[in-house]
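One structure below.
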């Protein structure tokens, strides 16, 4: 591996490290007690975004009231809602970190990243609308009941994120262990074979020679993954093994280009975005109820959906950058089959671990701060 | 291509690190506070009147039954006021008091609480009694939400006042934008955490200061 290649891979690894330090610093906050200063934006760009989204959010009430007097003000409201969504998604809680990590871990295409971002944002808006429609419009529930509902949905969402992360971590961890073995096999073949005589190392050479099938199902999946990532693609081998690990949860390997349109892949991706998107945005709930109080529920619904569209644009942008970074790193890694592959597997494991960590932190309440129930129980 | 990788990594890095920042405020409170003194010159508590923004007021009023459209009586709002103070307890009522010797003054549970509704805005009135009356010469009371989900702002018209202490003077101080030095400290917080005696977080608080001779 050339020096510049190493630099590029190190840079990608740095992303994971920064993501992790975020988590560690969130953890270091005293239990229960919020971190007063973490609340402040840490750069002038962030400060600007922070101020803008707060201003946009506050102006929403003005535009809703204006829409009550004059129907054409509705279009202004929708415009503001869109811009607010774009800014707001930069803040936490809109799944950009989880979705990006998921895309990196799963070797997804940017196209799918964009689609998943939009689906997640749409789910988020629709959940907010459903909660308000059922609880407030149909049942006439109080803010206390709505806050409790949102809290429960949120907990479910975070628990699902943890589950999806754990599954990914399990699958990717196996791929990583195999890459480890292969690396050591390449460096000291005799020793590696002596240490693990039953493992058929999935290097190009072994694949060409090996006629027999490796034993464990998941192991085979991981082999395919490694194979797909290296320059010497043995796609046929993967497809060959396909019938043996078809279940959605046991689906160990990253999609082959031909597989991307397959239903199994979409199902997995959708599970991830549903988990992320379940959590409704507090702002959307408040806006919807405010609109309802003005007898403008449908205007609120429109504003919420457009807010979601704005959110999707930001999340999709971030997801595209994540997928692009991974794609470039993977091309760099291909130039050096052994170490490159090992680094790619390490990045995937790291991304999967990040999803689990994000989920745990969100569940424990260290990263989320939209406490809709602060005054209303 | 290498440049490209590094470039996209840098973008991703900065975007993901935004997780440090918290969400923006969703509730705005403009408040009046009255610092209460007993006849013997000791401070006994704080009386707050917090007015919520109209969006959050509408949210809080959701599902509250009332006889006249657009009007709520104190009785109709009694259960909501109860819910409010019960919930606020968990957040220490966002009110933190300190004597001039640096000692924290502890508040007991809120008393005399009620809500009123005027001009599409709810106002929560409540009194926080001190657990033990304080006789310090200078007392500082801060009102803020450390997670900034709630934005607190002094009301425009005489936001602070004193009750029962004609000899004392009350003043207030707005939170300020962090100075370059504070900003620098902020960026190091992950590596160099604050120690427990640090008062750094106070720069983001609304401060009420009472000085007595």
Mean Cβ-within-10 Å packing, highest first, puts peptides A:279-287, A:175-183, A:144-152, A:306-314 in the order A:279-287, A:306-314, A:175-183, A:144-152
Restricted to Cα positions, what overall size does the range B:23-100 have along the principal axes? Three whole-Å values, descending. 47, 35, 20
Within the range B:61-98, what residues put their amide N at less than 13 Å from the label point 7 Å along the Cα-to-Cβ vector of residue B:38? none
Cα-only radius of gyration and Dmax that characterise the range B:97-151, units Å: 14.5, 42
What whole number of Å gives the distance from the Cα centroid of the range A:51-121 to the Cα centroid of the range B:82-108? 35
Per-residue mean of other chain beta-carbon atoms within 10 angstrom of the beta-carbon, peptide A:138-144? 5
Count, for each residue of A:98-105, the Cβ atoms from other chains sitting within 10 Å of its Cβ, then give me the mean as a whole number. 1
Mind jotting down the three principal axis lengths of the range A:46-191 based on Cα atoms? Whole angstrom, largest first. 81, 35, 27
Residues of A:50-57, mean number of Cβ from any other protein chain within 10 Å of their own Cβ, rounded to a whole number? 3
Which order do the peptides B:67-77, B:90-100 take when ranked by the mean count of other beta-carbon atoms within 10 Å per residue, highest first? B:90-100, B:67-77
I need the P(r) histogram for the range A:286-360: all alpha carbon pairs, bin width 5 Å from 0 out to the longest distance, whole percents. 3, 13, 12, 13, 12, 10, 9, 8, 7, 5, 4, 2, 1
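Only the coordinates and a few stated rules stand behind these numbers; no lab work does. Note that the coordinates shown come from a computational prediction; the quantities given were computed from them, not determined experimentally. Reconstructed Cβ throughout: ideal geometry from the backbone, glycine too, with neighbour counts over all protein chains shown.
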